[in-house]
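Structure record follows, encoded as structure tokens.
Just so you know, all these numbers are worked out from the coordinates, no wet-lab data involved. Small disclaimer: the values here were computed from a predicted structure and weren't measured. Glycine also receives a Cβ, built like all others from the backbone with ideal geometry; neighbour counts cover every protein chain displayed.
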Amino acid sequence: MKQHKIGIIMNGVTGRMGTNQHLLRSIAEIIKQGGVKCGQGETIMPDPVLVGRDEAKLKKLCELSGFSKMSTSLDEILKDKGYSIYFDAQTTGIRADSVKKAVAEGKHIYCEKPVAINTGVALELYELCRSAGLKNGVVQDKLWLPGIIKLKRLIEMGFFGRILSVRGEFGYWVFEGETIPAQRPSWNYRKEDDGGIILDMLCHWRYVLDNIFGKVKAVSCLGATHIDKRVDEKGKVYKCTADDAAYATFELENGIIAHFNSSWAVRVRRDDLLTLQVDGTEGSAVAGLRECYIQHYGNTPKPVWNPDIPQPINFYEGWSKVPEQESYDNAFKAQWELFLKHVVKDEPFPWNLYEGAKGVQLAEKGLESWSKRCWVEIPEL
């Protein structure tokens, strides 16, 4: 069997998402399964080196993951010809400079979203890669969530008829850190550190809408900073300067109206941390991260408004769970495997940095809408 060993520089993986989703549940699992099959008798085997600024954190992560190679010098490791892919999971504000360095050293680029703090820089990164002939990609993990895949299959089968609207609910209560430790890093809540839920989440909603429901035509967005102070990782109280909630409505080119509530200051009374409800002329569906429930036109109840009596209809009874018809892998791992095959075997990978720039564009337009308190059109990049 022919094995393609491919060196990957993994920068910023000491953070929550970098450690859990990219290192442990993606790269480590790919190695554990014997690599990525990419043809008759061929596999791709990742060979990662962990890069970061904190040597103690890197050593601890090496012990946790079982990987031995690490470096605190990005410049030095980028010059090593044994590594052909640069992966970036750093905070948004410092990502662009590192990506530019990697491009200059001829590395293929794969990075987390948002790819940059503004659309101009995001497009610059894409153009740098394209001009240098380098493969490039952005993480768009929600496209591989089982619940989202089930929704996409229903659309392909024509289950909904004409889709009318999409309603997304995302978020959970992020503890302030005073009595219970926070689940998210403090920089998320500081505008000066490029935090904020609009920049973070509207990138996700752009690729979900564009890839599954239709191109985004316009946005109306209202942000808020509901919690004005939190406690950081060192136990110090700090002022929250970034938005922790966003209420955004999107008009799609095909006439579908989508609305997403995104919040780190909301308590959950729904099936999952993310739910999408799709309503069409022939049927509706509600999808979470893994499960999906449907109601056909023929199963739709006929309620009558009467607040003077107990509700006689159990509205949940008319919904059916979509059965498991295919197997699903970790969403991050699934996209990693596709990117590795893109680099080694030149297989298609449409989720490039240009698509990442579209996500940054929507976030910028969302912030503009909030500032101007109006609808904002989304032009072609």
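Computed quantities for the displayed model
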item: Filtered residue count, the range 62-101, keeping only those that are surrounded by 14 or more Cβ atoms within 10 Å (Cβ to Cβ) and under 28 Å from residue 205 (Cα atoms); result: 15
item: When residues of the range 84-114 are limited to those that are assigned to a strand (DSSP E or B) and touching a Cys at 6+ places or on another chain (Cβ under 6 Å), the one farthest from residue 344 (Cα to Cα); result: 88
item: Which listed residue is farther than 21 Å from residue 164 by Cα and over 32 Å from the mean Cα position of the chain (by Cα), from 330, 306, 299; result: 306
item: Hits in the range 39-61 - residues which are in contact with a His (Cβ under 8 Å, 6 or more places away or on another chain), buried (at least 18 other Cβ atoms within 10 Å of the Cβ) and either of a type in the set (A, V, I, L, M, F, W, C) or over 28 Å from residue 2 (Cα atoms) (or both); result: 44
item: Matching residues, the range 143-198, being of a type in the set (A, V, I, L, M, F, W, C) and assigned to a loop (DSSP other than H, G, I, E, B); result: 145, 157, 159, 160, 174, 175, 180, 182
item: Selected residue (criterion: nearest to residue 170 (Cα to Cα)) from residues of the range 238-256 that are among the charged types (D, E, K, R) and surrounded by 15 or more Cβ atoms within 10 Å (Cβ to Cβ); result: 244
item: Close pairs (7 angstrom Cβ cut-off, 6 or more residues apart or separate chains): touching a residue at least 12 places away in the same chain (Cβ under 8 Å) in the range 41-57, surrounded by fewer than 16 Cβ atoms within 10 Å (Cβ to Cβ) and in a strand (DSSP E or B) anywhere; result: 41/2; 42/2; 43/3; 43/37; 45/3; 45/5; 47/5
item: Hits in the range 322-381 - residues which are of a type in the set (S, T, N, Q), touching a residue at least 24 places away in the same chain (Cβ under 8 Å) and not in a helix (DSSP H, G or I); result: 325, 330, 352
item: Residue selected from the range 218-237 under the condition over 30 Å from residue 249 (Cα atoms) and hydrophobic (A, V, I, L, M, F, W, C), by the criterion surrounded by the most Cβ atoms within 10 Å (Cβ to Cβ); result: 231
item: Filter result (in contact (Cβ under 8 Å) with a residue 60 or more places away in the chain, part of a loop (DSSP other than H, G, I, E, B) and either within 17 Å of residue 85 (Cβ to Cβ) or of a type in the set (Lys, Arg) (or both)) within the range 1-40; result: 12, 13
item: Criterion: surrounded by 13 or more Cβ atoms within 10 Å (Cβ to Cβ) and under 22 Å from the mean Cα position of the chain (by Cα) - qualifying residue of 18, 35; result: 18
item: Candidate set from the range 130-164 (those that are touching a strand residue (DSSP E or B) at 6+ places or on another chain (Cβ under 6 Å) and aromatic (Phe, Trp, Tyr)); member that is surrounded by the most Cβ atoms within 10 Å (Cβ to Cβ); result: 160
item: Complete set of residues in the range 353-378 that are surrounded by fewer than 20 Cβ atoms within 10 Å (Cβ to Cβ) and farther than 17 Å from residue 250 by Cα; result: 354
item: Any hit, the range 173-194, residues being out of contact with any His (no Cβ under 6 Å at 6 or more places or on another chain) and under 29 Å from residue 322 (Cα atoms); result: yes
item: Residues satisfying the stated conditions in the range 122-139, i.e. touching a helix residue (DSSP H, G or I) at 6+ places or on another chain (Cβ under 7 Å) and either hydroxyl-bearing (Ser, Thr, Tyr) or touching a residue at least 60 places away in the same chain (Cβ under 8 Å) (or both); result: 122, 123, 125, 126, 129, 135, 136, 137, 138, 139
